[in-house]
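Taking it in order: structure first as structure tokens, then the write-up.
The values are calculated or read from the model by the stated rules, or taken from the named source; none is laboratory data. Only a predicted model underlies this, so the values are computations on that prediction, with no experimental measurement involved. Cβ sites come from the backbone with ideal geometry, for glycine too, and all protein chains shown count toward neighbours. Areas reflect the complete protein model, heavy atoms only, side chains present, ligands, DNA and RNA absent. Shrake-Rupley method; radii C 1.70, N 1.55, O 1.52, S 1.80 Å.
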2 protein chains.
Amino acid sequence: MIESIINCKGAELTQSAKGSGPVFLSTRVRLARNLVSEVFPDRATKAQRQQIFSRCSASLASLKTLQGAAVFEVEALSELERKVLIERHLVSRELCEADRSSAVIISMDQSSSVMINEEDHLRIQLLRTGFHLKKVWSAIDALDTALEEHIDYAYSPELGYLTACPTNLGTGMRASVMMHLPGLVYAEHMEKVVRSVNQLGLTVRGLFGEGSDATGHIFQISNQQTLGEEEVAILSRLDKVLRTIKDHEINARYRLLESESERGKLLDQIGRAYGILENAHILSSNEAMNLLSLLRLAVDFSLLPEEFRATVDRLFIECQPGHIQFYAGHDFEPDHRDFVRAEKLRSEMRNLPPLNFDNLVQSK
Amino acid sequence: MIESIINCKGAELTQSAKGSGPVFLSTRVRLARNLVSEVFPDRATKAQRQQIFSRCSASLASLKTLQGAAVFEVEALSELERKVLIERHLVSRELCEADRSSAVIISMDQSSSVMINEEDHLRIQLLRTGFHLKKVWSAIDALDTALEEHIDYAYSPELGYLTACPTNLGTGMRASVMMHLPGLVYAEHMEKVVRSVNQLGLTVRGLFGEGSDATGHIFQISNQQTLGEEEVAILSRLDKVLRTIKDHEINARYRLLESESERGKLLDQIGRAYGILENAHILSSNEAMNLLSLLRLAVDFSLLPEEFRATVDRLFIECQPGHIQFYAGHDFEPDHRDFVRAEKLRSEMRNLPPLNFDNLVQSK
């Protein structure tokens, strides 16, 4: 069952790469919801968790958006399968460490997923390639409304949606956008950006959330606040900040290209990334991500045809440790993993044309 | 005039790469000789140096081996031309820093060269691709004998040939062999080898002699002693040691290939070298040499066809700073040199087939 999710070739960082372009990789909104008059999962007994699971899954099954969706009970998943779902951002680490009666429901196109008995009873998530805060919000809002017809949510007119952790209280909404910011990293402006973004009540994290590094120059930017402000207001503020960051990123890139010596260094980095991905026999996950980041930049600069953006985005996912092991059919030592990863990347690179530096787009 | 020497495409580390194989790059023998009853060059007046030059060049001109040879007076050479000749091992740094009336005579095939008014009146050199101590010795011995018909050498029946520096006294002979020893370097055995070789009265140095690094895993091994032993005895001792080092090198390589993890690391290094040479936009001379060394190893392991050994050996020479500037037609900053070097290597790499790891020869 899980194979169908993993082998879905359209599946990217954001399930389908169509619609992805420079800078913005994907948009994700998740809502934390709880059933009225049920204890929160970490306080619940085995029987209570079981009852929460039954009520939630029955209600979810009746939703049109989730017709044909796959249900995975965490207990039934192997370590490796859990890893793979985490790497696809379809489940959280917390869910995988949760007690019995925890599950995730994943729609066929992997754009919607609902976790049951994570920190909250329900964690509803919608994911879409590219930058689409409004669209994703309307879709998840519709899903939430549809679900509310079947479930009584724990809700306070004064505080809003009640959640297990006070940091989610109110809207229960976390909107996060994955951004590819190599220009700001190379120009050494990221620290400044993070500081400004934090001051605006937003959070910047690496690809795998809190405490993770910004491997592959990928950053997740999300709202911190859930209380005292309406969803639309939060999203509009986020939208504005993200567009500004995008402008800074594009400016940083073209400023790098303007200076002959910086341009040389950047093209050197891109060329080496291509050469190493094409020829290395040992590649750690970290190094692979950073090299793929440069390949994505090569697409942005027209050194590679646009059609290969989807390949690069897919490889970002498929070169993660869990995916590498999953394809090989078994668990193995990190050393061997690095060998298998390099082999996979060498073989994928055979489908890419050489970098065409004559095509370099040097200005906006 | 100097263009003909530099643009000679057969020209390698050792002028012609034909006959080169794994481990042994080239064999060089030089003799220090002085005219009787003339002061040594660094003690000579301008007029005396002029007279030494006249006598020597007249005598050399009459030799059959040097028919058609080119004569370059140091004073007439630009800085860049001197650099290029040093990089080809056709002249010494000392000659290039020498006072007036210093010159070098280079045979058409670049295998013989004679420096006039270096540290000694005459420094006769023969160079040949591969490992040919005996052949090179007979050839230079014949040249020396022929020259002695025209010149009275400063010679003491007790001490042998008299030289400006006592370290050359006796035979005046320095035989040196250029070896490519990546196996011993990767296996971290070079230090031990250098120690043993030193104990046997031999010297190990980098590509550019005393004090130079072993860039490209290339080592020059030569006799230290010139006094109290006949040439043939010195050469036979050197021959024996060099054959032992070659065996150690080959063993080190195949031991690396035997261990799965070491083999992986080595193939990774070779693959990356290929990919970087093919795609980088900035390459220092040092990095280029080390990458080319791995490409040479790829030929030894049959990952690249044998016919490309000559290309790699030629590039070892042609990626030196002087050559890079010479091809570009002018002097420029090291930064720009690294850019031009990378461009040259990218273009040369287009003629190479991809590495074929299925061909890997894993045992002797």
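Annotations
- Strands (runs of 3 or more DSSP E) wholly inside the range A:157-232 containing at least 2 residues that are in contact with a Lys or Arg (Cβ under 7 Å, 6 or more places away or on another chain) and closer than 30 Å to residue A:288 by Cβ: A:173-180, A:218-223
- Among the residues of the range B:291-310, those that are over 16 Å from residue B:360 (Cβ atoms), surrounded by 21 or more Cβ atoms within 10 Å (Cβ to Cβ) and more than 14 Å from chain A (Cβ to nearest Cβ) comprise B:292, B:293, B:309.
- Residue in the range A:207-228 that is within 14 Å of chain B (Cβ to nearest Cβ) and either acidic (Asp, Glu) or surrounded by 15 or more Cβ atoms within 10 Å (Cβ to Cβ) (or both) present: no
- Here residue A:313 fits the description: under 18 Å from residue A:86 (Cα atoms) and either out of contact with any His (no Cβ under 7 Å at 6 or more places or on another chain) or in the same structural domain as residue A:21 (by TED's automatic domain parsing) (or both).
- The strands (runs of 3 or more DSSP E) located wholly in the range A:15-117 that include 3 or more residues which are open to solvent by less than 30 Å² (accessible area, probe 1.4 Å) and on the phi < 0 side of the Ramachandran plot occupy A:24-33, A:103-106, A:112-116.
- Being under 28 Å from residue A:86 (Cβ atoms) and touching a residue at least 12 places away in the same chain (Cβ under 8 Å) is a property that residue A:255 lacks.
- Cβ separations smaller than 8 Å between residues 6+ apart or across chains give the following pairs from the range B:113-133 residues that are free of Cβ contacts under 8 Å to residues at least 60 places away in the same chain to residues that are polar (S, T, N, Q): B:113/B:107; B:113/B:125; B:114/B:125; B:115/B:92; B:115/B:102; B:115/B:125.
- Looking only at the range B:180-189, residues that are surrounded by fewer than 22 Cβ atoms within 10 Å (Cβ to Cβ) and either of a type outside the set (Gly, Ala, Ser) or assigned by TED's automatic domain parsing to the domain that holds residue B:296 (or both) come to 4 in all.
- Selection status of residue B:245, modelled with pLDDT of 95 or more, at negative phi, more than 14 Å from chain A (Cβ to nearest Cβ) and assigned to a helix (DSSP H, G or I): yes
- Answer from B:145, B:129 - the residue that is among the β-branched types (Val, Ile, Thr) and open to solvent by 20 Å² or more (accessible area, probe 1.4 Å): B:145
- Among the conditions (1) away from chain B (no Cβ under 14 Å); (2) within 30 Å of residue B:333 (Cα to Cα); (3) in contact with a Leu (Cβ under 6 Å, 6 or more places away or on another chain), the only one that residue A:266 does not satisfy is (1).
- Among the residues listed as B:91, B:36, B:84, B:104, the single one being touching a residue at least 24 places away in the same chain (Cβ under 8 Å) and either closer than 30 Å to residue B:300 by Cβ or assigned by TED's automatic domain parsing to the domain that holds residue B:331 (or both): B:84
- Candidate set from the range A:269-281 (those that are at the interface with another protein chain (Cβ under 7 Å from one of its Cβ atoms) and among the hydrophobic types (A, V, I, L, M, F, W, C)); member that is least open to solvent (accessible area, probe 1.4 Å): A:280
- Restricting the range B:248-263 to residues that are assigned to a helix (DSSP H, G or I) and of a type in the set (Ser, Thr, Tyr) leaves a set whose member that is nearest to the other protein chains (Cβ to nearest Cβ) is B:261.
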